[in-house]
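FYI, it's all coordinate maths here, none of it is from the lab. Predicted, not measured: the structure shown is a model, and the values here were computed from it. We place every Cβ from the backbone using ideal geometry, glycine too, and count neighbours over all the protein chains shown.
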Amino acid sequence: MTEPTSPQDPGRGRLIRIRNLRAAALNGTEFAAALPAGFNGRWTRRHWAHASLFAMLGTLVMALVPGFSNAMSSSAEQSASLTPSTTLSLLLPPLPRAAKQQPVAAGPNWQLVSVAKGETLSHVFERMALSQSDLQRVLSQPGAKDTLRRLRPGTELAFELQPVAAGKPTALRAFRYDRDDTHRIELHVDGDKVTEKVIERPVEVRTAVISGKVGRSLFHSARKLGLSGNNIRTLTDEIFKYDIDFNSDVAASDRFSVVVEQTWREGEMIKSGPILAATFTAHGDMHSGFRFERGGKDEYFSADGRPLKKAFIRMPVQYTRISSKFTSARKHPILGRTRAHQGVDFAAPTGTPVMAAGNARVTFVGWKGGYGRAVILDHGRGYTTLYGHLSAFGKIKPGQSVSQGTVIGRVGSTGLATGPHLHYEFRINGVHRNPMAVTMPPPEPLRGAQLAEFRTQTGPALARIRKVEDIIYADVGEPSKDKRVASAAKPGSKKG
C-alpha cells in the first residue's frame with residue numbers, strides 16, 4: 001500500500017513513488033507475476049532471456065535511484081527552507097542637527113595654457129574668458145610687460161580662476177609665468193590689489209659630450225641624441241661647411257662628437273648652448289672645430305688656430321645653377337655683339353637672397369648702367385665684388401660694414417638681363433678674375449697671445465672628445481650604437 005501524498009507537497013509524493021519502484025524491483029513476487037501463465041517450473045530460453053533482462057533492469061534501478069533520492073531530498077529541504085518572511089518598519093531616534101559648515105578656501109588649482117603660434121597675452125586671456133581689467137592688472141606689475149609682451153609659441157602660462165556664480169564673468173585669482181630660467185612669478189589678485197611672489201628656480205649648467213654616428217640621417221641621429229636644431233645647423237652650415245659636402249660626402253658609418261653646455265632645471269634640460277667644440281670623421285678623416293672669441297666676435301677655428309670660415313664664399317646665392325660662365329668672349333644676348341663676360345651668372349628665381357661673399361665695406365648701392373640695380377663691396381687687400389641685376393637692395397648703405405653671409409639684395413632682372421639671375425664679379429686690384437677658379441686668400445690665423453689662450457681653452461675640450469670616442473668606438477670593427485656621455489655639472493654653475 002502506497003502512502004498518500006499531499007497536493008501541497010509534490011516532492012514527498014515523488015520520493016514515495018521512487019521507493020515503491022525500488023521495492024518492486026527487489027520483490028520476487030512481482031517478478032513471478034511477470035512470468036506467463038501455466039509455467040510448469042521448467043525454464044526455456046525465452047524464460048532465461050526475460051530473467052536476464054529483468055535482472056539488468058533491477059541492477060540499473062538500484063544504481064540510479066539513490067542519486068535521485070538524494071537530489072529530491074535536497075530539493076525538498078530547499079523548498080522547506082523557503083518560509084514566508086515579514087518586513088517591519090522600525091522608528092529610529094532623530095539625528096542631531098548638523099553644525100553650520102564654514103566655507104573652505106579652495107587651494108591652488110592651476111590651469112596650464114600653452115601659447116599658440118601668433119597668440120599674444122591678450123589672446124590667451126580672451127581664450128580663458130577673462131576680462132581686460134584682469135589683463136591690465138597683470139601688465140601693470142613691474143617687469144611684467146617686458147616679459148609678456150612677446151610670448152614665444154609653446155610658452156606655458158598658469159591661471160587660477162575664482163569660482164563665480166552662473167551668468168557672471170570669470171574672475172582671475174592668480175596668474176603665473178616664468179620671468180627667466182631661474183625665476184617664476186606668481187601674481188595673486190584680490191580685487192584691485194595684486195600681490196607678487198617670486199619663486200627661485202635653481203638651474204645647473206653641465207658640459208656634455210654628445211657623440212654618435214650619422215646613420216640614415218645626420219639630423220635625425222643628432223636630434224635623437226639631444227642636439228638642438230640650431231646646434232645641427234651650426235655643425236653643417238658654419239663649422240664644417242667648407243670641408244665637408246653633407247649632401248654627397250657623408251656615409252652612414254661617419255661619426256661626430258660635439259661639446260655643448262646644457263642648462264638643466266628640476267631634472268629637465270631646458271636649454272642647449274652653442275657648440276664649444278666639434279669633430280666630424282668622414283671617410284676616416286677627422287675634421288675639428290673650436291669656438292673662440294676674437295675681437296669681440298665668436299668664430300670657429302681648426303685645432304692649429306686657423307679660422308674655419310673662409311675669407312670668401314664662391315657662390316653668393318644658394319640653391320641655384322650657373323647659367324653663364326666666366327669667359328673672355330661671348331655674344332651678348334641683348335646687344336648682339338661679342339665681348340668678354342667678366343663674371344659668373346647664377347640663375348635663380350626673383351627675390352632669392354644674395355649674400356655678401358665676405359666681410360667687407362659697402363662702397364656702392366644703386367643703379368649702374370647695364371648692371372641695373374647693383375652693389376659693390378670692398379673686402380680690403382685689393383679684393384672687391386660686384387652684384388648686378390638685383391630686384392631690391394638689402395638694409396645696407398654706402399660706408400656700412402657687413403659680414404660674410406649678410407643679405408645685401410635680391411635676385412632680379414634689372415638692366416640688360418633676359419631673365420632673373422645674379423651677375424657676380426670678383427676683382428683683385430681692379431682685374432677681373434673667375435670667382436669659381438681663383439685661389440681665395442686664406443683667412444688670418446690666430447697669433448701670439450691669442451693663439452696661446454686658444455690652446456689653453458680648447459685643449460681640455462679636445463681631450464674630453466677623445467676620451468669619449470675611445471670609450472664608444474674602442475673597437476671600430478664592431479658596429480656600435482649612438483651614445484651620449486654628459487659630464488658632471490660645471491663648477492660654480494648653480495644659479496639662484
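Listing for the model above:
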| item | result |
| --- | --- |
| Peptides 293-302, 385-394 ordered by average Cβ neighbours within 10 Å, highest first | 385-394, 293-302 |
| Relative contact order computed over the stretch 111-200 (Cα-Cα under 8 Å; 6+ residues apart), in percent | 25 percent |
| Packing rank of 210-216, 401-407, where each peptide gets the mean count of other beta carbons within 10 Å, highest leading | 210-216, 401-407 |
| Across 213/325; 193/271; 197/271; 310/467; 297/325, pairs whose alpha-carbon gap is larger than 28 Å | 213/325; 193/271; 310/467; 297/325 |
| Contact order normalised by residue count of the stretch 321-433, Cα under 8 Å, 6+ apart, percent | 30 percent |
| Extension gain (nm, one decimal) between residue 447 and residue 318, 0.36 nm per residue minus Cα-Cα | 43.1 nm |
